[in-house]
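The values are calculated or read from the model by the stated rules, or taken from the named source; none is laboratory data. What you see is a predicted model, and the numbers here were worked out from it, not measured in a lab. All Cβ positions, glycine included, derive from the backbone under ideal geometry; neighbour counts span all protein chains shown.
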Amino acid sequence: AAQTAPIAQAKLNIGRSATPEEISGWDIDIRPDGHGLPIGKGTVKEGEPLYVERCAACHGEFGESAGRWPILSGGNDSLASHDPIKSVGSYWPYASTLIDYIRRAMPFGAAQTLTNDELYAITAYVLFLNDVIKTEDFELSDKNFGTIKLPNESNFFDDDRETSEKAFWRKDPCMSNCAAGHATVTGRARVIDVTPEQSKGPKVE
Amino acid sequence: AAQTAPIAQAKLNIGRSATPEEISGWDIDIRPDGHGLPIGKGTVKEGEPLYVERCAACHGEFGESAGRWPILSGGNDSLASHDPIKSVGSYWPYASTLIDYIRRAMPFGAAQTLTNDELYAITAYVLFLNDVIKTEDFELSDKNFGTIKLPNESNFFDDDRETSEKAFWRKDPCMSNCAAGHATVTGRARVIDVTPEQSKGPKVE
Amino acid sequence: VAAGGANAMPPQGNPANQPPNVPDWTRSLGEGVVARPYGKPSSYESVVIRRDVEWLTASRESSVSFTPLHALDGMITPNGLCFERHHAGIAEVDPADYRLILHGLVDKPLIFTLDDIKRMPRVSRAYFCECAANSGMEWRGAQLNGCQYTHGMVHCVMYTGVPLKTLLDEAGVKPNAKWLLLEGGDSAAMTRSLPMQKALDDVLIAYRMNGEMLYPENGYPVRAVIPGWEANMWVKWLRRIELGDQPWHHREETSKYTDLLENGKARRFTYVMDAKSVITNPSPQAPINHKSGFTVLSGLAWSGRGKIARVDVSLDGGRNWQTAKLDGPIFDKALTRFYYEFDWDGRELLLQSRAMDETGYVQPSKSELRKVRGVNSIYHNNGIQTWQLHKNGEVENVEIS
Amino acid sequence: VAAGGANAMPPQGNPANQPPNVPDWTRSLGEGVVARPYGKPSSYESVVIRRDVEWLTASRESSVSFTPLHALDGMITPNGLCFERHHAGIAEVDPADYRLILHGLVDKPLIFTLDDIKRMPRVSRAYFCECAANSGMEWRGAQLNGCQYTHGMVHCVMYTGVPLKTLLDEAGVKPNAKWLLLEGGDSAAMTRSLPMQKALDDVLIAYRMNGEMLYPENGYPVRAVIPGWEANMWVKWLRRIELGDQPWHHREETSKYTDLLENGKARRFTYVMDAKSVITNPSPQAPINHKSGFTVLSGLAWSGRGKIARVDVSLDGGRNWQTAKLDGPIFDKALTRFYYEFDWDGRELLLQSRAMDETGYVQPSKSELRKVRGVNSIYHNNGIQTWQLHKNGEVENVEIS
Ligand code: HEC
Ligand code: HEC
Ligand SMILES: [Ca+2]
Ligand SMILES: [Ca+2]
Ligand SMILES: [Ca+2]
Ligand SMILES: [Ca+2]
Ligand SMILES: [Ca+2]
Ligand SMILES: [Ca+2]
Ligand SMILES: [Co+2]
Ligand SMILES: [Co+2]
């Protein structure tokens, strides 16, 4: 008398097929191997005025950043220093990351408004600011994108904490007299004095 | 080198002694054995105008209730009927409950404003409305309060569900063919139609 | 019944915001951080609120609002949606003025500030809190169309508080102390008598729910938590605890919260909430919007006697039962979520759920319950609820035989 | 530092509202039920809010606000106080327009409405969600005075959602699919690459927190829950999942969320959040207000690798340790509350806590961590925090040797 078919772990049949057209509008990701590159092209020269108009207000005319907005260039050989600067040229491993990110998120506040040709041109210009592309006439396109390599690619390695930090797995951590002498204070947040005041916080309605 | 005395489950020494004066202002409870009765007195006759002024608007001139406010009298011999009326006289087991409750919570919106003499007088009047006190001259006081008995006291018994409803503990409830025939609908909330409309709810800011 | 009826396809929305198009919220920046220093639900969820039944009471100051169980999932109730039951409105207690007095049959009467209470040893436990009158309107038959109204006087949050035992140890309990009076600071000065054994067992003097301080309507800054026992005893805005040698028989344990049987006699001190369950989805306010096919039936089960051991579900008004899946933490005296998956063929069904707790108690049918209690009890209606699922996905509260 | 300093007696309040007097809120009725259909904290708790550090970022649309850990207890974070991290502000998604596309290396690309997702089999689980940059400002030394700022990019709620595996089974995963791209519908169109193994393990496509629908700032209506892994991967406003044969190396897994070591090399795909803990009370925003005597020190511990097994506490800057009590549910990859009780003699102390998880990982000291990672990592700072407790009860964020 069961009015119910017991559920074998078959398909739920929930949702429907996504059409290629639906997918195409949202499928904007680009990978290092070129997967996802849109068809288009643009030269450094074409990129410059676009960049100046749409990007420079925040990122600076040369990618040096305005105010506290992110820097886009510079910082070469700074990574092992006390003040590393992680720019597209100094740090990023793949140029595909740049074109993907500009395509999905920039300009900040007007995301996904660039045409494909604008996208290639601006990307070319940012790579030019980073000395990755050397000449203003260079035309970046889906065809030649794969030839662009960033200098820092080889300096990334996969998470190895479980081996490199194996010492942090220790069955019996020290419980008494774990260091000699009394602890002494060597630094105070209060001296740096950059903590927001409790009384100056945002207002609750 | 421990800067800490381990906590033996001794006193926490948190809080301080409450003074008798502090306690007295809040210690307003009254029990059936007379514990907590304040010193005071009042007659039914004195209670009547006080009741009319401060209570009748909600509870009705004779305790019969105005609108949907609680009833205070009536309902004798109704408890085993289809429409039981649970008033002070018909249901409540102890008169102390009445004086305690009026003292702590009534008049609704002006709790704890009655003087002790007003409290005795109004309580006497409500008991009079309930035929518990029979004469208008009766003076209720902390001295004679213990003589007041309510008729329904003996009809209360302590929770006995674990024995009287023992049948509800059954290791293996029926899983199939638990009743004969198809189930038939015998009542519908929709017909009674007293459910608030979803669209007419309170507004969220 | 929910607007739009059921099996109506869900609203299609605005194609401009659907693929392949880039929606408005992807094109432009939204509000930044701390635009909402204290968050709140999406404006699209504004129907998910506590609701009351206006005709139930003379005034909203002494009334109840109900948890929208049909719009929640899991076993935790968010703080903003916990049902309210006030007897004189919400006391707005200034925490600097808050005091708790502990006196009576103790060695040393004590008074505590809120800071005192907050610096004591504390524990956090999730418990359901159910009004004894939950489902009270359904004793004589199906009356309210929605589990928010039939079962929404229950919630379950993670309380943080001091075991009452800690306070009692601090004051020193005299040997003849057998009962405690708990008293609230609201304008009803709510009181209940509590047996010492329970006080020493698992009662908490709580000041937090789900991590943050209690909301005003739930007793800010301090309430009693009496696990598994009727919510009326969970005195809010707690101001005083007196120890005595006998119960007080106050209004809330005589006139109210006593259970009148058919013979005119009344059971008192019926503290424990019997095992109970309800199907929250589908239910009258949450119809099925797909025509047939894979369906998850879901609900809540709880017992004042301990953990939920099992929940069975019937689709044919109690003739045949299948055991549901329990999901999420199964805590002592807490709401427990259950699911039952089936392939709905689109036929009319009579849905029921039946809770069993670890003591072996099995939730009774309404007729079994009425047989032993009559229909005048008001309180402690834990009978099995029946929902009629119509072919169009609408759901009704019905009585069956 | 908290207003009023410390060891200041708590405000005495208004004697007219204290015993023996009858307070204002006992004299008169308060607001009735559904005056607040959706509840909120007492107005006296208005300092308990998310806060940001304005100088950290150029705009609040790409910024962070912090959970007030010092003002909470237990292991559940209330929804209104969960830290925020947006990259382009809060997407205000209309649930009728919400769509999730699942495509790439699948047998059948699918598109789901919110109603589709809500009618699937689901589970509820409490997990911590910690930004990889939590404590990031502290790599070079004590900088921010308050655990809200040093450790407040973590919260823990009960999520309800569909196992990602259920969606993948529905679409059919091609054998060469090894990675997934998760993409948000906000104006940052946030993306992260997720290894298939994790996707099939415990990832949830979640739509509820603590029972109710996600708040907009936490991804309403749908976000990813990646238990134990850095919060940046928990893509909010989830609009698309693509399956591929390799990772995407997008901005948030190259430019950001890679951990720069002293030698200029950078670790990538550092997903797991190492075991960590912090003393929330006392702490700079929550000083001790009693002069000495019985004191409960309390805090939170968590690990991306599983359950917290133990927490030790030191009062002398790590010279000697005592094991704390764990209280409340100890869930896999969830915040776990600990307490340590002691009789404070009023001396200056250097407070620390040290978490251990069930894999045997022991939270390192800051100097141990800096030794292997340098100070340029920004992310994954799980070093032991030191608070200096002064005689007057004030607490400071300090570095020690
Ligand atoms: C109104 C300010 C603004 C404008 C205009 C703007 N950006 Fe940005 N840009 C930002 C912000 C803010 C971020 C960081 C967003 C975040 O936190 O995720 C950013 C990040 C970036 C990054 C990543 C930086 C890094 O180190 O990870 C790149 C590359 C970038 N922008 C390029 C551009 C380009 C190209 C344009 C113009 C087409 C542009 N931006 C216009 C504000 C701006
Ligand atoms: C403004 C309306 C109002 C006024 C005036 C008022 N009451 Fe009440 N009374 C109520 C309400 C409402 C309740 C129920 C409160 C609750 O839900 O706990 C109540 C309850 C009672 C009860 C308990 C009824 C029961 O069955 O449990 C008694 C007794 C009572 N009132 C006596 C009095 C007396 C005596 C006065 C005057 C001194 C008074 N009331 C004035 C509204 C009022
Ligand atoms: Ca793609
Ligand atoms: Ca300052
Ligand atoms: Ca007393
Ligand atoms: Ca109607
Ligand atoms: Ca907008
Ligand atoms: Ca008032
Ligand atoms: Co009861
Ligand atoms: Co990482």
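Taken across segment C:260-268, residues that are within 21 Å of the chain's Cα centre (by Cα), closer than 30 Å to residue B:83 by Cβ, assigned by TED's automatic domain parsing to the domain that holds residue C:182 and surrounded by fewer than 23 Cβ atoms within 10 Å (Cβ to Cβ) do not occur at all.
Looking at segment C:209-222, is at least one residue within 14 Å of chain B (Cβ to nearest Cβ) and crowded, with 24+ Cβ neighbours inside 10 Å? Checked against the condition, which is being within 14 Å of chain B (Cβ to nearest Cβ) and crowded, with 24+ Cβ neighbours inside 10 Å, segment C:209-222 yields at least one hit. Within segment D:22-35, is there a residue that is facing another protein chain (nearest Cβ under 7 Å), within 18 Å of residue D:280 (Cβ to Cβ) and either more than 16 Å from ligand 2 (Cβ to nearest atom) or charged (D, E, K, R) (or both)? No - not one qualifying residue is present in segment D:22-35. Selection within segment B:57-78: residues that are closer than 24 Å to residue C:375 by Cβ and loosely packed, with under 14 Cβ neighbours inside 10 Å. The member of this set that is nearest to ligand 6 (Cβ to nearest atom) is B:68.
If I ask for residues that are within 7 Å of chain D (Cβ to nearest Cβ) and crowded, with 24+ Cβ neighbours inside 10 Å, which ones from segment C:85-98 would you list? Within segment C:85-98, C:86, C:88, C:89, C:90, C:91, C:93 meet the criteria. Against the numbered list (1) on the phi < 0 side of the Ramachandran plot; (2) not acidic (Asp, Glu); (3) not assigned by TED's automatic domain parsing to the domain that holds residue C:174, residue C:103 comes up short only at (3).
For (1) free of Cβ contacts under 8 Å to residues at least 40 places away in the same chain; (2) more than 7 Å from every other protein chain (Cβ to nearest Cβ); (3) assigned to a loop (DSSP other than H, G, I, E, B), each residue gets a yes or a no:
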residue: B:12; (1), (2), (3): yes, no, yes
residue: B:32; (1), (2), (3): no, no, yes
residue: B:57; (1), (2), (3): yes, yes, no
residue: B:67; (1), (2), (3): yes, no, yes
residue: B:75; (1), (2), (3): yes, yes, yes
residue: B:80; (1), (2), (3): yes, no, yes
residue: B:83; (1), (2), (3): yes, yes, yes
residue: B:117; (1), (2), (3): no, yes, no
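Can you name the residue in segment D:187-212 that is touching a Ser or Thr at 6+ places or on another chain (Cβ under 7 Å) and over 25 Å from residue D:169 (Cα atoms) and, of all such residues, is farthest from ligand 5 (Cβ to nearest atom)? Among those that are touching a Ser or Thr at 6+ places or on another chain (Cβ under 7 Å) and over 25 Å from residue D:169 (Cα atoms), it is D:189. Against the numbered list (1) assigned to a loop (DSSP other than H, G, I, E, B); (2) under 18 Å from the mean Cα position of the chain (by Cα); (3) within 10 Å of chain B (Cβ to nearest Cβ), residue C:354 comes up short only at (1).
The helices (runs of 4 or more DSSP H) located wholly in segment D:145-201 that include 1 or more residues which are within 24 Å of residue D:118 (Cβ to Cβ) and more than 9 Å from every other protein chain (Cβ to nearest Cβ) occupy D:164-171, D:196-201.
Of the residues making up segment C:99-116, at least one is within 16 Å of ligand 5 (Cβ to nearest atom), more than 7 Å from every other protein chain (Cβ to nearest Cβ) and either at pLDDT below 95 or not in a strand (DSSP E or B) (or both). Scanning segment D:282-294 for residues that are in a strand (DSSP E or B) and crowded, with 24+ Cβ neighbours inside 10 Å yields a total of 1.
Here residue C:82 clears all of (1) within 20 Å of residue C:186 (Cβ to Cβ); (2) more than 8 Å from chain D (Cβ to nearest Cβ) except the condition numbered (2). For segment A:165-176, taking the residues that are more than 7 Å from chain D (Cβ to nearest Cβ) and within 33 Å of the chain's Cα centre (by Cα), the one that is nearest to residue D:371 (Cα to Cα) is identified as A:167.
If I filter segment C:125-147 for residues that are surrounded by fewer than 24 Cβ atoms within 10 Å (Cβ to Cβ) and closer than 30 Å to residue D:290 by Cβ, do I get at least one hit? Yes, segment C:125-147 contains a residue that is surrounded by fewer than 24 Cβ atoms within 10 Å (Cβ to Cβ) and closer than 30 Å to residue D:290 by Cβ. Kindly provide the set of residues from segment C:195-206 that are surrounded by fewer than 23 Cβ atoms within 10 Å (Cβ to Cβ) and either under 24 Å from residue B:28 (Cα atoms) or polar (S, T, N, Q) (or both), ordered by number. Passing the criteria: C:195, C:196, C:197, C:198. Remark: residue D:256 matches the filter, which requires a residue to be surrounded by fewer than 19 Cβ atoms within 10 Å (Cβ to Cβ), more than 8 Å from chain A (Cβ to nearest Cβ), in contact with a helix residue (DSSP H, G or I) (Cβ under 9 Å, 6 or more places away or on another chain) and in a loop (DSSP other than H, G, I, E, B).
Considering segment D:26-50, the residues that are crowded, with 19+ Cβ neighbours inside 10 Å and among the β-branched types (Val, Ile, Thr) include one that is nearest to ligand 4 (Cβ to nearest atom), namely D:49. Within segment D:223-242, being more than 16 Å from ligand 1 (Cβ to nearest atom), within 14 Å of chain A (Cβ to nearest Cβ), of a type in the set (A, V, I, L, M, F, W, C) and in contact with a helix residue (DSSP H, G or I) (Cβ under 8 Å, 6 or more places away or on another chain) holds for D:229, D:241.
Residue C:220 meets the stated requirement of being under 21 Å from the mean Cα position of the chain (by Cα), closer than 21 Å to residue C:117 by Cβ and of a type in the set (Phe, Trp, Tyr). In segment B:177-196 there is at least one residue matching the filter, namely being farther than 24 Å from residue C:352 by Cβ, more than 16 Å from ligand 2 (Cβ to nearest atom), facing chain C (nearest Cβ under 7 Å) and assigned to a loop (DSSP other than H, G, I, E, B). Considering the conditions (1) crowded, with 22+ Cβ neighbours inside 10 Å; (2) touching an Asp or Glu at 6+ places or on another chain (Cβ under 9 Å), residue B:165 is excluded by exactly one of them, (1).
The rows are residues; the columns are (1) touching a residue at least 12 places away in the same chain (Cβ under 8 Å); (2) of a type in the set (A, V, I, L, M).
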{"residue": "B:104", "(1), (2)": "yes, no"}
{"residue": "B:108", "(1), (2)": "yes, no"}
{"residue": "B:111", "(1), (2)": "no, yes"}
{"residue": "B:132", "(1), (2)": "yes, yes"}
{"residue": "B:139", "(1), (2)": "yes, no"}
{"residue": "B:147", "(1), (2)": "no, no"}
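Taken over segment C:51-79, residues that are closer than 16 Å to residue D:34 by Cβ, touching a Cys at 6+ places or on another chain (Cβ under 8 Å), crowded, with 20+ Cβ neighbours inside 10 Å and at the interface with another protein chain (Cβ under 7 Å from one of its Cβ atoms) amount to 1.
All told, residue C:291 meets the bar of being of a type in the set (D, E, K, R), within 30 Å of residue B:200 (Cβ to Cβ), more than 12 Å from chain B (Cβ to nearest Cβ) and out of contact with any Phe, Trp or Tyr (no Cβ under 8 Å at 6 or more places or on another chain).
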